[in-house]
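What follows is calculated from the coordinates using simple rules that are stated; it is not laboratory data. A quick note: this is a predicted structure, and the numbers were derived from the prediction, not measured. Counting neighbours? That spans all protein chains shown, and the Cβs are built from the backbone with ideal geometry, glycine included.
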There are 2 protein chains.
Amino acid sequence: MALALPLPEPPWPPSLAPLKDVDDLLRCGICFDYFSIAVIIPQCSHNYCSLCIRKFLSYKTQCPTCCVAVSESDLKNNRTLDDLVKSFNSARQQLFQLVLDAPAVPAPL
Amino acid sequence: MALALPLPEPPWPPSLAPLKDVDDLLRCGICFDYFSIAVIIPQCSHNYCSLCIRKFLSYKTQCPTCCVAVSESDLKNNRTLDDLVKSFNSARQQLFQLVLDAPAVPAPL
Ligand SMILES: [Zn+2]
Ligand SMILES: [Zn+2]
Ligand SMILES: [Zn+2]
Ligand SMILES: [Zn+2]
């Protein structure tokens, strides 16, 4: 859960643009940050940060994306998403650095 | 689910090695291929291809990774993993091609 507005992120280098869709899938639809303790709503397969969705459910007992009825006891940890966020975020940083450090060469025709 | 042995995959170019952990997390622990219709076992958060785990459960009613008791009705679709497999696989192929096509230049010091 984002406790403050996230810092603006550097734009994606064109060569890494194919990873943008993966990045999008690893973000919570409530806070738009990477999942933090991802939980799945088993009846609709949507995922959110644990704190984001619990806060939402205390106000309205439905999935914010598809409006299916949800109670807090339905939520299940989706730990693979936490592992994916960790690995992807680390890979993304390494690849950004690699691209920024690469000598400027003309692209192959 | 892999219906036949998958073709040997090309080795990861060193510059893309950071993505290997992400790749590993998107593979089923039964067939070792990318998830095909991923399902989650909510009580332990482990994921498998739908067909792989159903076949396994018909023989032994437990999670093959952590041995928690599981029945087929526990399984829930984990659709974000299917979407991640699709996006990641496409990005991986584009990035492999980009690296293979890149002119050989000396690495920056
Ligand atoms: Zn969130
Ligand atoms: Zn939903
Ligand atoms: Zn499988
Ligand atoms: Zn398990």
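The set of residues from segment A:64-91 being more than 13 Å from chain B (Cβ to nearest Cβ) and within 16 Å of ligand 1 (Cβ to nearest atom) comprises A:P64, A:V70, A:E72.
One line per residue, one yes/no per condition, for (1) among the hydroxyl-bearing types (S, T, Y); (2) surrounded by fewer than 21 Cβ atoms within 10 Å (Cβ to Cβ); (3) within 17 Å of the chain's Cα centre (by Cα):
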| position | (1), (2), (3) |
| --- | --- |
| A:I30 | no, yes, yes |
| A:S36 | yes, yes, yes |
| A:K55 | no, yes, no |
| A:Y59 | yes, yes, no |
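Here segment B:7-29 is the region considered, the condition is being aliphatic (A, V, I, L, M) and assigned to a loop (DSSP other than H, G, I, E, B), and the residue that is nearest to A:Q97 (Cα to Cα) is B:L26. Considering only residues that are part of a loop (DSSP other than H, G, I, E, B), within 11 Å of chain B (Cβ to nearest Cβ) and more than 16 Å from ligand 4 (Cβ to nearest atom), which ones fall in segment A:30-56? Selection gives A:F35, A:Q43, A:C44, A:S45.
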